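Written out below as structure tokens is the structure these notes cover.
Read-outs throughout are calculated quantities, based only on the coordinates presented, and are distinct from any laboratory measurement. Being a predicted model, the structure only gives us computed values, none of them experimental. FYI the Cβ positions are ideal-geometry reconstructions off the backbone, even for glycines, and counts take in every protein chain you see.
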């Protein structure tokens, strides 16, 4: 029987788990702290789950001193014989000045050096590495910020970024079960500025449109402000060719409309 171990079961992992369990899979998840159906990351039972799983996917972000999953289970993962997957970030490409980047682009030039090291380390043990941009979906999108009155529209010049609906990530992971080790960008077809996404969300919800603020005047955390220093368009052709993916939500408009319909049902 197919058994997936999700190391770091968060928003995306929970959607993946639900999809696979509907298909008859056994799924075990981990998180920092235990909760019903989820093991704590430091539970000794995780080692047994690593040994017993047919498929293992990690979405655990690296820490300053490295990837905690590889530090704890790296040798066991490398020798397990299981299918291995890792959810990485398109942040490994750094700033490209708005140019398109595919999987052949150099990595490690951005602010996420720890993520780049983890990405390469997972490749080194034969994982399927899926590089993700901004993730959104039901309960976690610009719609929620528009409704809550916390949305901002920020004028960052020509800056654009890519994004992906959580259900398209789920489809890509499942498709990668049949793929050999490799790296794929999992992004939609339409990189766009954040203020355009916010404006569309406000139109859908009927929320007031926030003013367009210069980046220098926006109330942002240092981490969020650093995000606006990078500008890139993420190409997804390899994902479509290798994994046979036809995006359910090829742009933010399709994805937000679906979230809105779900929220309104």
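Length, then width, then depth: along the principal axes, the Cα atoms of segment 66-132 run 40, 20, 15 Å. Dividing the mean sequence gap of close Cα pairs (under 8 Å, 6+ apart) by how many residues the chain holds gives a relative contact order of 19 percent.
How much length is gained if the chain between residue 216 and residue 43 is pulled fully straight, taking 0.36 nm per residue apart and subtracting their Cα-Cα distance, in nm to one decimal?
Numbers: separation 173, 0.36 × 173 = 62.28 nm, distance 4.50 nm.
Full extension from residue 216 to residue 43 adds 57.8 nm.
Please rank 230, 217, fewest neighbouring Cβ atoms within 10 Å first, as an exposure proxy. Show your work: numbers first, answer last.
Numbers: 230 19, 217 11.
Taking fewest neighbouring Cβ atoms as first place, the list is 217, 230.
With contacts taken as Cα pairs under 8 Å at a separation of at least 6 residues, segment 113-265 carries a relative contact order of 34 percent. When all alpha carbon pairs of segment 32-182 are counted in 10 Å bins from zero, the resulting P(r) reads 9, 32, 36, 17, 5, 0 %. The Cα-based radius of gyration and maximum Cα-Cα distance (Dmax) for the chain are 18.7, 55 Å. Taking the convex hull of the alpha carbon positions in segment 210-253 and averaging its projected area over all directions gives 5.1 nm².
I need the shape label for segment 111-265. Rule: rounded when a/c is under 1.5, else prolate if a/b > b/c, else oblate, with a, b, c from the alpha carbon gyration tensor.
Working: a/c = 2.40, a/b = 1.44, b/c = 1.67.
Here segment 111-265 falls in the oblate category.
Using the average count of surrounding beta-carbon atoms within 10 Å as a protection proxy, the listed peptides 218-225, 176-183 rank, highest first, as 176-183, 218-225. In plain terms, if you count all Cα to Cα distances in segment 3-121 and split them into 10 Å steps from zero, the share in each step is 13, 41, 31, 14, 2 percent.
Values of log10 I(q)/I(0) for segment 106-188 across q = 0.12, 0.14, 0.17 Å⁻¹ run -0.50, -0.66, -0.89, by the Debye formula with one identical scatterer at each alpha carbon and no solvent.
Rounded, prolate or oblate: which one fits segment 130-173, using the alpha carbon gyration tensor with axes a ≥ b ≥ c (rounded when a/c is under 1.5, else prolate when a/b beats b/c, else oblate)? It would help to have the intermediate numbers written out before the result.
Values: a/c = 4.52, a/b = 1.35, b/c = 3.35.
Because a/c hits 1.5 or more and a/b fails to exceed b/c, segment 130-173 counts as oblate.
Each of residue 228 and residue 179 was given a label point 7 Å from its Cα along the Cα-to-Cβ line. The distance between the two points is 3.3 nm.
Listing 60, 234 from the residue with the fewest other Cβ atoms within 10 Å to the one with the most, what is the order? Write down the numbers at each step before the final one.
On the way: 60 22, 234 26.
In order of increasing Cβ crowding within 10 Å: 60, 234.
A helix-only calculation puts the chain at -11000 deg cm²/dmol for mean residue ellipticity at 222 nm, using -39500 (n - 2.57) for each DSSP H run of at least four residues, averaged over all residues. Across segment 1-125, C-alpha contacts under 8 Å between residues 6 or more apart give a mean separation that, scaled by the residue count, equals a relative contact order of 22 percent. Structural size metrics of segment 17-74, computed from C-alpha coordinates, are Rg and Dmax of 12.2, 38 Å.
With only Cα atoms counted, segment 174-241 has Rg and Dmax values of 17.0, 48 Å. Computed FRET efficiency, Cβ-Cβ of residue 51 and residue 113, R0 30 Å: what is it to the nearest 0.05? Computed FRET efficiency for residue 51 and residue 113 comes out at 0.40.
Relative protection proxy for 80-87, 47-54, from highest mean packing down: 80-87, 47-54 (other beta-carbon atoms within 10 angstrom).
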